[in-house]
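Remarks on the structure that follows.
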Amino acid sequence: MEIKHTRSSTRHRISRKRSRSVVETTSVIFRESAPKDSPLTDPRFVFLGADEQGELLEVMAVETDTGGLLIIHAQPIRDRYLELLKGGL
(Lines give C-alpha, C1' and ligand atoms only; values in the text may rest on other atoms or scores of the structure.)
Protein backbone atom coordinates (compact mmCIF):
# COMPACT_ATOMS: atom_id res chain seq x y z
CA MET A 1 0.00 0.00 0.00
CA GLU A 2 1.25 3.46 -0.86
CA ILE A 3 1.77 5.72 2.16
CA LYS A 4 2.45 9.43 1.74
CA HIS A 5 2.76 12.29 4.19
CA THR A 6 1.59 15.89 4.26
CA ARG A 7 4.12 18.52 5.24
CA SER A 8 2.15 19.17 8.42
CA SER A 9 2.38 15.51 9.49
CA THR A 10 5.76 16.22 11.09
CA ARG A 11 4.58 19.35 12.92
CA HIS A 12 4.99 17.68 16.34
CA ARG A 13 8.53 16.52 15.50
CA ILE A 14 7.51 12.94 14.77
CA SER A 15 9.51 11.74 11.79
CA ARG A 16 7.88 10.18 8.77
CA LYS A 17 9.71 6.94 9.53
CA ARG A 18 8.27 6.80 13.06
CA SER A 19 4.69 7.52 12.00
CA ARG A 20 4.91 5.02 9.15
CA SER A 21 6.15 2.39 11.63
CA VAL A 22 2.99 2.83 13.73
CA VAL A 23 0.75 2.60 10.66
CA GLU A 24 2.47 -0.58 9.50
CA THR A 25 2.60 -2.42 12.84
CA THR A 26 -0.30 -1.40 15.06
CA SER A 27 -3.40 -3.47 15.59
CA VAL A 28 -5.43 -0.59 17.05
CA ILE A 29 -7.06 1.24 14.14
CA PHE A 30 -10.42 2.97 13.94
CA ARG A 31 -12.20 5.63 11.90
CA GLU A 32 -13.06 9.06 13.19
CA SER A 33 -14.94 11.99 11.65
CA ALA A 34 -12.97 15.06 10.69
CA PRO A 35 -13.10 17.95 13.15
CA LYS A 36 -15.56 20.65 12.07
CA ASP A 37 -12.74 23.18 11.55
CA SER A 38 -10.56 20.87 9.43
CA PRO A 39 -9.88 21.71 5.78
CA LEU A 40 -9.92 17.94 5.10
CA THR A 41 -13.47 16.74 5.56
CA ASP A 42 -12.86 13.05 4.84
CA PRO A 43 -13.12 10.62 7.75
CA ARG A 44 -9.70 9.66 9.02
CA PHE A 45 -8.11 6.48 10.17
CA VAL A 46 -6.57 6.72 13.62
CA PHE A 47 -3.61 4.43 14.34
CA LEU A 48 -2.51 4.02 17.97
CA GLY A 49 0.68 2.24 18.90
CA ALA A 50 4.37 2.30 19.67
CA ASP A 51 7.02 3.41 17.20
CA GLU A 52 10.37 1.65 16.77
CA GLN A 53 11.67 3.39 19.92
CA GLY A 54 8.70 2.26 22.01
CA GLU A 55 7.10 5.71 22.25
CA LEU A 56 3.30 5.63 22.06
CA LEU A 57 1.99 7.70 19.17
CA GLU A 58 -1.29 8.65 17.56
CA VAL A 59 -1.17 8.83 13.78
CA MET A 60 -4.03 9.98 11.57
CA ALA A 61 -4.42 9.38 7.86
CA VAL A 62 -7.00 9.77 5.13
CA GLU A 63 -7.53 7.40 2.24
CA THR A 64 -6.28 8.59 -1.15
CA ASP A 65 -8.09 8.23 -4.47
CA THR A 66 -5.78 5.32 -5.33
CA GLY A 67 -6.53 3.40 -2.12
CA GLY A 68 -3.33 4.41 -0.34
CA LEU A 69 -2.96 6.46 2.82
CA LEU A 70 -2.00 10.09 3.32
CA ILE A 71 -0.67 10.66 6.85
CA ILE A 72 -1.88 14.06 8.00
CA HIS A 73 -1.04 14.04 11.72
CA ALA A 74 1.34 12.36 14.16
CA GLN A 75 2.15 13.17 17.77
CA PRO A 76 2.79 11.57 21.13
CA ILE A 77 -0.41 9.92 22.25
CA ARG A 78 -2.89 12.10 24.14
CA ASP A 79 -4.85 10.91 27.20
CA ARG A 80 -8.12 10.44 25.31
CA TYR A 81 -6.47 7.98 22.93
CA LEU A 82 -4.32 6.37 25.62
CA GLU A 83 -7.48 5.18 27.35
CA LEU A 84 -8.67 3.59 24.10
CA LEU A 85 -5.31 1.92 23.57
CA LYS A 86 -5.28 0.51 27.10
CA GLY A 87 -8.82 -0.74 26.69
CA GLY A 88 -8.02 -2.30 23.34
CA LEU A 89 -11.05 -0.49 21.94
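The values are calculated or read from the model by the stated rules, or taken from the named source; none is laboratory data. Predicted model only: the values in this text are computed from it and were never measured. Backbone-built Cβ (ideal geometry, glycine too); neighbour counts: all protein chains shown. The area values use the complete protein model at the heavy-atom level, side chains included, leaving out ligands, DNA and RNA. Shrake-Rupley method; radii C 1.70, N 1.55, O 1.52, S 1.80 Å.
One table, with the values for the structure above:
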| quantity | calculated |
| --- | --- |
| T6 open to solvent by 40 Å² or more (accessible area, probe 1.4 Å) and among the polar types (S, T, N, Q) | no |
| Counted residues, region 9-26 - those being surrounded by 12 or more Cβ atoms within 10 Å (Cβ to Cβ), part of a helix (DSSP H, G or I) and free of Cβ contacts under 8 Å to residues at least 60 places away in the same chain | 8 |
| Single residue of region 27-45 satisfying the filter (of a type in the set (G, A, S) and exposed (fewer than 15 other Cβ atoms within 10 Å of the Cβ)) that is farthest from R11 (Cα to Cα) | S27 |
| Within region 55-67, tally of residues that are at pLDDT below 95 and either on the phi > 0 side of the Ramachandran plot or crowded, with 16+ Cβ neighbours inside 10 Å (or both) | 1 |
| Answer from L85, L48, L70 - the residue that is in contact (Cβ under 8 Å) with a residue 40 or more places away in the chain, surrounded by 10 or more Cβ atoms within 10 Å (Cβ to Cβ) and in a strand (DSSP E or B) | L70 |
